[in-house]
Structure formats: structure tokens, C-alpha cells
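Notes follow once the structure below has been shown.
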Amino acid sequence: MKRSDFKRRLAEEVHAGWKGFANYILGKAEHLPDGSLKIPKTMADRWHRMADSTHYKLRTNEKVWADTVVERILTAMESIKKSITPQKTDPRVTEIKLAFVQYCKDLKGFDAVIEHGRDGAMIKKRLETNTQEEILDCFDWFLTNKDFDNFSPSISTALSASLFNKFLSKR
């Protein structure tokens, strides 16, 4: 499902909740001959108090609207999640991440922090045109080359276009 479709589905759920609240307000108001509405002071005071509060501080019966909207959103999200086909993960990506962590431990003496989303994407991108061995060789070259001691020792740095091209040119 596209992001725009997901957004539209959630917006419909939020709007349905707002529509119910608006109809409730319209039902409580006095309809005047000129088409305007008169809201009873007790209702106006209550809604002002609710607007100036947090959800947590509302009375239980006043939380129902928001809880109902949230439940509808969660239900929509769950149905969308079920319709999304998970992509198979490439086992080489995990192997390369683990190897980088081990290289950092062995060569630099620290436990590397992996940014799984960003680093995984960088690895997948490099695997489109390069072998796993080339990527691992690049890590070794990057972590042992004194020219890069001031660089951030991360997968995304090592596999950036400029450093990876430099590695390829030095082979």
C-alpha cells in the first residue's frame, strides 16, 4: 500500500470520529431561526475545560471519543499491515553487518553501533553491483587505512560513494 493510500485511510478514520463529535455538538445546540446555533453555557464550559486539559486528565466518559478514534485507527493499521507482503531479507546483509561489528572489535577495539535501516540499505545498494567479498574487503581497507582515522567508523561511511569508489580505484 502506498503512503498516500495509508494516509487517506487514516484521515477517513479521524474524520469519522470528528464527524461523530460534530453531530453530537449540533444535537446539543439550540437551532435559531437565522440558522445559527446557541450552545448551552454548561456545554460550552465543559468543552472549554476539555480543550484546556490533556486526554489523561479527562473524566472517563469524556475519553470515549478519542479512545474510539484511536481504536479505529489501530484497526485500520492492523488491516493494512496484514495486506502488506513482507519482503524477504537477504542473509548476506546480516552477515555483512556482523562482520563489520567483528572487524571494529578486532581492528579498532570497540563495539560498533549499527544503524540497521540506513546501514542495511547501504549494504543492499552495494550488493546490487558488488560482491560480499568486495564489501568486506572495503571494510578491512577502511578500518586499517590511517587516512581514515578521523572518519566515523560506520558502515554508511565505509560504503559511501566517495569512499567505496576510492577503495575500488586502489585495488
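Does residue 62 meet the test of being surrounded by 13 or more Cβ atoms within 10 Å (Cβ to Cβ) and either in the same structural domain as residue 76 (by TED's automatic domain parsing) or on the phi > 0 side of the Ramachandran plot (or both)? When the stated conditions are applied, residue 62 passes them. Determine whether region 136-150 contains at least one residue that is more than 12 Å from residue 96 (Cα to Cα), within 30 Å of the chain's Cα centre (by Cα) and among the hydroxyl-bearing types (Ser, Thr, Tyr). There is no residue in region 136-150 that is more than 12 Å from residue 96 (Cα to Cα), within 30 Å of the chain's Cα centre (by Cα) and among the hydroxyl-bearing types (Ser, Thr, Tyr).
Every test in (1) outside the structural domain of residue 17 (by TED's automatic domain parsing); (2) among the β-branched types (Val, Ile, Thr); (3) surrounded by 14 or more Cβ atoms within 10 Å (Cβ to Cβ) is passed by residue 113 save one, and that test is (3). Residues of region 3-36 that are in contact with a Leu (Cβ under 8 Å, 6 or more places away or on another chain) and either closer than 18 Å to residue 76 by Cα or among the hydrophobic types (A, V, I, L, M, F, W, C) (or both): 26, 29. Residue 107 meets all of the listed conditions (1) loosely packed, with under 14 Cβ neighbours inside 10 Å; (2) more than 33 Å from the chain's Cα centre (by Cα) but one, namely (1).
Test residue 79 against the stated conditions and say whether it is polar (S, T, N, Q) and under 30 Å from residue 21 (Cα atoms). Answer is yes for this residue.
Exactly one residue among 85, 94, 75, 42 is at pLDDT 90 or above and within 23 Å of the chain's Cα centre (by Cα), and that residue is 94. From the set of residues in region 122-135 that are within 31 Å of the chain's Cα centre (by Cα) and surrounded by fewer than 15 Cβ atoms within 10 Å (Cβ to Cβ), which is nearest to residue 88 (Cα to Cα)? Of everything passing the filter in region 122-135, 124 is nearest to residue 88 (Cα to Cα). Residue 12 satisfies every condition listed in (1) exposed (fewer than 11 other Cβ atoms within 10 Å of the Cβ); (2) within 37 Å of the chain's Cα centre (by Cα) except (1).
The values are calculated or read from the model by the stated rules, or taken from the named source; none is laboratory data. Small disclaimer: the values here were computed from a predicted structure and weren't measured. No Cβ is skipped: glycine too gets one built from the backbone with ideal geometry, and neighbour counts run over all protein chains shown.
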